[in-house]
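Colleague: Next up is a structure, given as structure tokens.
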Amino acid sequence: MILVIVSLFGLSCKKSNEGPKTIYETIAADPHYSFLTAAINEAGLVNALNDDKKEGLTLFAPSNDAFMAAGFNSVADLAKVPDSTLTKILLYHVLGTKVPAAQIPQASNSEVLTLNTQPIYATRTSDNKVFINGVSVVKADIECKNGVIHNINRVLLPATGTLVQTAITNPDLSLLVAAVLRASQGSTDVATVLSGSGPFTVFAPTNQAFINAGFPDVNAINAADPNTLTSILTYHVIAGRIFSSDLTDGVTPATLNGGTVAISLSGGAHVKGNSNSTAATITVTDIIATNGVVHVIDQVLLP
């Protein structure tokens, strides 16, 4: 009898010590978050996410697959990123308040400030799907002692500058940058427009897209009429911050050029210009800029 009582007492004590884990403990205990755990350790953010005296944190947690899709082939690759950069990226995934999925407004791209001090854009649809910067929340409301975790399927990258500055940092958009600069020598300063407050959504053709359209190099672009380039470039710009999750099959949004483009989602996301024989494929989505968002496409759109 004494043995039974002692056993029950021991079991009771064990249960009383169990309870919700902190955000860091929850992440560290899940093998699907080994990249994220390593990144948190590398950036020195363990204490910030392990403080059980706080109850007001929200972590949008990228899985291992999300990190690998972002180009990290192994946990060791995280050490190649400067700690200051890694810290900025990780804090871009953290809110200073606890926000369950049901508290995200049923509105498109509500601006929410992160601990990085830059905003993310949260959307909850009428059927309660949640997106952050166009990225899907795969599993919501993982309760923790000091907040809540929402699992996401991509790493969120904070803006590094305006739409123009963002394009400049991408070597595969160098011909687009050259076209913007050349167009700005005409009657419209396209570079200034795309550096303004916006927000704008830009469908950004790759270098190969410009080559296929008859602009093999910067010299060819600089030989083109600036006003003709302006007409083409402004045809790639839509007013507003439109993430991939906002794209709707069959819509024909107006562009800054005054014409419309056609969006289709069958077999992937595509956008077609009125004079294009085929639709361009959107190859990279949701690149954040301070004044909008960029989607990379594989064709130059023709009005």
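The values are calculated or read from the model by the stated rules, or taken from the named source; none is laboratory data. Since this is a predicted model, take the numbers as computed values, not measurements. Because the Cβ atoms are built from the backbone with ideal geometry, glycine has one as well, and the counts that use them run over all protein chains shown. The area values use the complete protein model at the heavy-atom level, side chains included, leaving out ligands, DNA and RNA. Shrake-Rupley method; radii C 1.70, N 1.55, O 1.52, S 1.80 Å.
Colleague: I need the calculated FRET efficiency for the pair T283 and V46, taking r as the beta carbon distance and R₀ as 45 Å, to the nearest 0.05.
Modeller: In this case the efficiency is close to 0.80.
Colleague: Another one. For N73, what is the net charge nearby, where nearby means another residue's Cβ is under 14 Å from its Cβ and Lys, Arg count +1, Asp, Glu -1?
Modeller: That works out to -1.
Colleague: Next question. Hey, what's the Cα Rg ratio for the range 71-224 versus the globular rule of thumb, 2.2 N^0.38 Å?
Modeller: Against the empirical 2.2 N^0.38 Å value, I get 1.31 for the range 71-224.
Colleague: Okay, moving on. The range 205-262: D in µm²/s via Stokes-Einstein (Kirkwood Rh, Cα pairs, 37 °C, 0.692 mPa s)? Intermediate results must be reported in sequence, preceding the final value.
Modeller: Values: Rh = 13.1 Å.
Here the translational diffusion coefficient equals 251 µm²/s.
Colleague: Which one, (1) 18.0, 53; (2) 23.4, 96; (3) 24.9, 105, gives Rg and Dmax of the Cα atoms in Å as derived from the coordinates shown?
Modeller: (2)
Colleague: From the C-alpha coordinates alone, can you work out the Kirkwood hydrodynamic radius of the range 139-238, in Å?
Modeller: 15.4 Å
Colleague: I've got another one for you. Measure out, as a whole number of angstrom, how far apart the alpha-carbon centroids of the range 73-105 and the range 223-296 sit.
Modeller: Cα centres, the range 73-105 to the range 223-296: 29 Å.
Colleague: With every protein chain left in place, what is the accessible area per residue of the chain in square angstrom, probe 1.4 Å? Spell out each step's value before the answer.
Modeller: Values: 14550 Å² over 303 residues.
Per residue, the chain has an accessible area of 48 Å².
Colleague: Using Cα pairs closer than 8 Å and at least 6 residues apart in sequence, work out the relative contact order for the chain, in percent.
Modeller: So the answer I get is 15 percent.
Colleague: How much of the calculated P(r) for the range 43-112 lies past 20 Å, in percent of all Cα pairs? Let's see the in-between values first.
Modeller: On the way: 1014 of 2415 pairs.
Counting every Cα pair in the range 43-112, those more than 20 Å apart make up 42 percent.
Colleague: Within the accessible area of the range 81-120, what % is carbon and sulfur when the probe is 1.4 Å and the other protein chains stay in place?
Modeller: Accessible surface attributable to carbon and sulfur in the range 81-120 totals 59 percent.
Colleague: Just need the relative contact order of the range 163-303 here, percent rounded to a whole number, with Cα pairs under 8 Å and 6+ apart.
Modeller: 27 percent
Colleague: Another question about this same structure. Normalised by the number of residues in the range 166-216, what is the relative contact order in percent for Cα pairs under 8 Å and 6+ residues apart?
Modeller: Answer for the range 166-216 is 38 percent.
Colleague: Let me ask something additional. At a Förster radius of 25 Å, what calculated FRET efficiency corresponds to the Cβ-Cβ distance of N212 and L113, to the nearest 0.05?
Modeller: Working: r = 41 Å, r/R0 = 1.65.
The formula returns an efficiency of 0.05 here.
Colleague: While we're here: Please report the carbon-and-sulfur percent of the accessible area for the range 201-240; probe 1.4 Å, protein heavy atoms only, DNA, RNA and ligands left out.
Modeller: Roughly 56 percent of what the probe reaches on the range 201-240 is carbon or sulfur.
Colleague: Still on this structure, please answer the following. Can you give the three extents of the C-alpha atoms in the range 166-303 along their principal axes, from longest to shortest, in whole Å?
Modeller: For the range 166-303, the Cα extents along the three principal axes come out at 37, 33, 28 Å.
Colleague: Right, something else. Going from the alpha-carbon gyration tensor of the range 134-193, what semi-axes, largest first and in whole Å, does one get by taking the root of 5 times each eigenvalue?
Modeller: 40, 11, 9
Colleague: Based on the Cβ-Cβ distance from A239 to D65, what FRET efficiency comes out when R0 is 22 Å, to the nearest 0.05?
Modeller: 0.05
Colleague: May I ask you to order 64-74, 139-149, 292-302 by the average number of other C-beta atoms within 10 Å around their residues, highest value first? Don't skip to the answer; put the middle values down first.
Modeller: Numbers: 64-74: 15.0, 139-149: 19.0, 292-302: 22.5.
Peptide ranking by packing, descending: 292-302, 139-149, 64-74.
Colleague: Using just the C-alpha positions of the range 102-148 as equal point scatterers, what log10 of I(q)/I(0) does the Debye formula give at each q in 0.13, 0.20 1/Å?
Modeller: -0.31, -0.71
Colleague: Beyond a 23 Å Cα-Cα separation, which of these cross-linked pairs lie in this structure: K21/K129; K53/K98; K98/K129; K21/K88; K98/K139; K21/K53?
Modeller: K21/K129; K21/K88
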